[in-house]
Amino acid sequence: MKLTQIELTGFKSIRDFSIDLAPLNVFIGANGVGKSNLVSFFKLLNDMTAEHLQASVAKSGWAEALLHYGSKQTPQLTAKLHFSSDTDEKTYYLKLESTADDTLFCADEAVEFSQTGETSKKRVSLGKGHQESKLLDPEIQSHTAAHFVNKLLQHCRVYHFHDTSETAYVKKYGNINNNRYLMANADNLAAFLFHLKHKHNAHYRQIRHIIRMVAPLFDDFVLAPSPSNEQTILLEWKETGSDKYFNASYLSDGTLRMMCLTTLLLQPQLPELIVIDEPELGLHPYAINLLATMLTRASKHAQIIISTQSSNLFDQFSPEEVIVVERDKQGASTFKRLESAK
């Protein structure tokens, strides 16, 4: 089952937005037009499925920062996510309203479902007036449609590989057992690669091969538990023709980001929906070409949404995969498929 359409109103720069989604969706536009706001919405959904709506609102600058031009102009945001397969269709409906203390609550939440081709839909209300999503409520989980929607949303992963500073967690020791999936900022890259090397070696070798194409001096990762604490691991690597180990601080920003992207896209079990914000940051044009190829191949097995301002990356995709993002005269973000924008 895939996310086939999203409708969103009242979120940040997005006043009123509706678009059909393909297996691969490339949102392109200049700085400040609202590409990353769509990514932020998927992050909000991620947080909601973990019952972290209130924490997410606080971290994002509270309700005033999330509602389109503030709560005075836009007191609520609404969203509809339409999922479909060959046999059935499901819709997740959400309405969040602002409160006097500048947060958001679920004013309405529901799941609709039907068999493919049916004109009428059955509706399951998840309740009204709650602070956190009811998708995880045991009583709600007993309903097949709601359980399925929750599972789909939980398998949506939002990635930002922006932080390559010296304090980035990807460069620090991490728990070696934190390897169930690649985290949003690739904080657990070393642990995840260690897992792939020992459990999915063919995929690990493919990841290594792609990285060597981008960084010829790179030979291999050095992945082992820390001698002083076998429950931790550090991202280390070695150069071709040398036995000396280097940590991630000796990698260029572009190489480190390419390691994160390659690991994400070549892993054996892809998330059902992958959202990546500006994956081209710091990459050489040749690396961007490889990235585009990996994105296209991964979209055969997972649904992918990326935001970018790179013309080099944009040029690698077909027109039907590209959505142009702009701002209208009122300052609202507009989204148009490239073929309809011509």
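The values are calculated or read from the model by the stated rules, or taken from the named source; none is laboratory data. These figures come from a predicted structure and were not determined experimentally. Note that each Cβ is placed from the backbone with ideal geometry, even for glycine, and that neighbours are counted across all protein chains shown.
In contact (Cβ under 8 Å) with a residue 60 or more places away in the chain, in a helix (DSSP H, G or I) and not assigned by the TED database to the domain that holds residue 185: does that describe residue 295? Judged against the criteria, residue 295 is a match.
When the range 67-86 is filtered for residues that are closer than 22 Å to residue 327 by Cβ, in contact with a Ser or Thr (Cβ under 6 Å, 6 or more places away or on another chain) and either among the aliphatic types (A, V, I, L, M) or part of a strand (DSSP E or B) (or both), the ones remaining, listed by number, are 67, 78.
Would you confirm whether any residue within the range 102-112 is modelled with pLDDT under 95 and either touching a Gly at 6+ places or on another chain (Cβ under 8 Å) or not hydrophobic (A, V, I, L, M, F, W, C) (or both)? For the range 102-112, residues modelled with pLDDT under 95 and either touching a Gly at 6+ places or on another chain (Cβ under 8 Å) or not hydrophobic (A, V, I, L, M, F, W, C) (or both): present. Taking the range 115-145 as the range and being in contact with a helix residue (DSSP H, G or I) (Cβ under 9 Å, 6 or more places away or on another chain) and at pLDDT below 85 as the test, the residues that pass are 140, 141. Take the conditions (1) under 25 Å from residue 330 (Cα atoms); (2) at pLDDT below 95; (3) assigned to a strand (DSSP E or B); residue 30 misses just one of them, which is (3).
Looking only at the range 243-270, filter to residues that are touching a Ser or Thr at 6+ places or on another chain (Cβ under 7 Å) and of a type outside the set (A, V, I, L, M, F, W, C); which one of those is farthest from residue 304 (Cα to Cα)? Reasoning before the result, please.
Within the range 243-270, the subset touching a Ser or Thr at 6+ places or on another chain (Cβ under 7 Å) is 253, 256-257.
Add one more test, that the residue is of a type outside the set (A, V, I, L, M, F, W, C), and what stays is 253, 257.
Numbers: 253: 23, 257: 18 Å.
Among residues in the range 243-270 that are touching a Ser or Thr at 6+ places or on another chain (Cβ under 7 Å) and of a type outside the set (A, V, I, L, M, F, W, C), the one farthest from residue 304 (Cα to Cα) is 253.
Counting only residues that are within 27 Å of residue 20 (Cα to Cα) and not in a helix (DSSP H, G or I), the range 35-59 holds 1 of them.
If you check residue 128 against the conditions, is it in contact with a Cys (Cβ under 8 Å, 6 or more places away or on another chain) and over 18 Å from residue 231 (Cα atoms)? Spelling it out, residue 128 is indeed in contact with a Cys (Cβ under 8 Å, 6 or more places away or on another chain) and over 18 Å from residue 231 (Cα atoms).
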